[in-house]
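Colleague: The structure's right below; bear with me while I get my questions together.
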Amino acid sequence: MFKIFSFGTRNFSKCALRYQISKERVELIEKYLKKIRIFDEIDLFPADIDWSYVLNPINLTSIDENIRTRKSNGDIIGLHRLNDDLKEALKTGDQHYIETIIEAMYHKAVQLPNISDPSSPIGAEENAECVMNVGEKKGRSPTVDQIAKMYGWLREDHISLYSTQRSYILKRELAELENALVRYTLNYLNDKGFILVSVPDILHHSIIESCGFATKGERNQVYKLDFMNEYGKYCLSGTSEMSLAGLLKNRILNHDELPLKCD
């Protein structure tokens, strides 16, 4: 049995905008970001930030609430402090100082989580409304991994000695099933006109950061190569779409081009 939930309504502040960041300030930030090389060695466009929204003090509360709800490391207060510094820097006309502040603002802004849809439930599954149950809940039965271990199809013990704690090894029929599913999927997509693309597992950190994954700091989800030399600029790709993002970097795809079947 599985459940279908409706989404609870989340109320956002509807107060009038008493303060509006000037259009000139937004254009200035975007102009400097085009000049500044945000990503070293890789030619990548900076992320499209809604500066009018994130720098509007009226939105501070809702943005900060979203940061806490999403358990993010975003720092909206720090971003606004940098914006105050930018105001003072513009009075001096020091171009290097202005560029330094705007670059720092960019790195703060990209750490902010996306705004949740107002209908999204907050917190645990119990906070959502169940509108339909599909099927009937049966009695307690073995889990997939218990069945696989019973038939000798799965191995998890001692894997952490040479891999990560959540790694596992598929054997015999289960390994054959995995390969069969992969072949079936590839054949199906090939018949639909898609072209098979094999991508690298090691990527420049800039590509991964552009996909929204932090590669620096004490806590991140990315494995890096030896940071003591040039290879420290490269990381292990978590999933294939990161490499595909690098393949299609700086491209804007129209709706009528999708789904994309790239060569």
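The values are calculated or read from the model by the stated rules, or taken from the named source; none is laboratory data. As the structure is a computational prediction, the values presented were derived from the model and not from experiment. Counting neighbours? That spans all protein chains shown, and the Cβs are built from the backbone with ideal geometry, glycine included. Side chains included, ligands, DNA and RNA excluded: accessible areas come from the protein's heavy atoms. Shrake-Rupley method; radii C 1.70, N 1.55, O 1.52, S 1.80 Å.
Colleague: Could you give log10 I(q)/I(0) at q = 0.10, 0.18, 0.19 Å⁻¹ for region 43-172, computed by the Debye formula over C-alpha point scatterers of equal weight, without solvent?
Modeller: Log10 of I(q)/I(0), two decimals: -0.66, -1.00, -1.06.
Colleague: Would you mind checking Lys23/Lys108; Lys31/Lys87; Lys171/Lys233; Lys71/Lys138; Lys23/Lys71; Lys23/Lys91 for any pair whose Cα atoms are more than 25 angstrom apart?
Modeller: Pairs exceeding 25 Å: Lys171/Lys233; Lys71/Lys138; Lys23/Lys71.
Colleague: Kirkwood hydrodynamic radius of region 98-217 from all distinct Cα pairs, in Å?
Modeller: 20.8
Colleague: Starting from the Cα-Cα distance between Lys224 and Tyr188, subtract it from 0.36 nm times their residue separation and give me the gain in nm to one decimal.
Modeller: That works out to 9.5 nm of additional length.
Colleague: Mind giving me the FRET efficiency for Asn179 and His107? R0 is 45 Å, r the Cβ-Cβ distance, nearest 0.05 is fine.
Modeller: So the FRET efficiency works out to roughly 0.60.
Colleague: Work out the FRET efficiency for Lys171 and Asp64 from their Cβ-Cβ distance, taking R0 = 41 Å, and round it to the nearest 0.05.
Modeller: In this case the efficiency is close to 0.25.
Colleague: A follow-up question, please. What figure, in Å² to the nearest 10, do you get for the accessible area of Thr92 with a 1.4 Å probe and non-protein molecules left out?
Modeller: Only protein atoms counted, so the area is about 90 Å².
Colleague: Here's another thing I want to ask about it. Calculate, for Lys23 and Val199, the FRET efficiency according to 1/(1 + (r/R0)^6) with r their C-beta to C-beta distance and R0 35 Å; round to the nearest 0.05.
Modeller: 0.30
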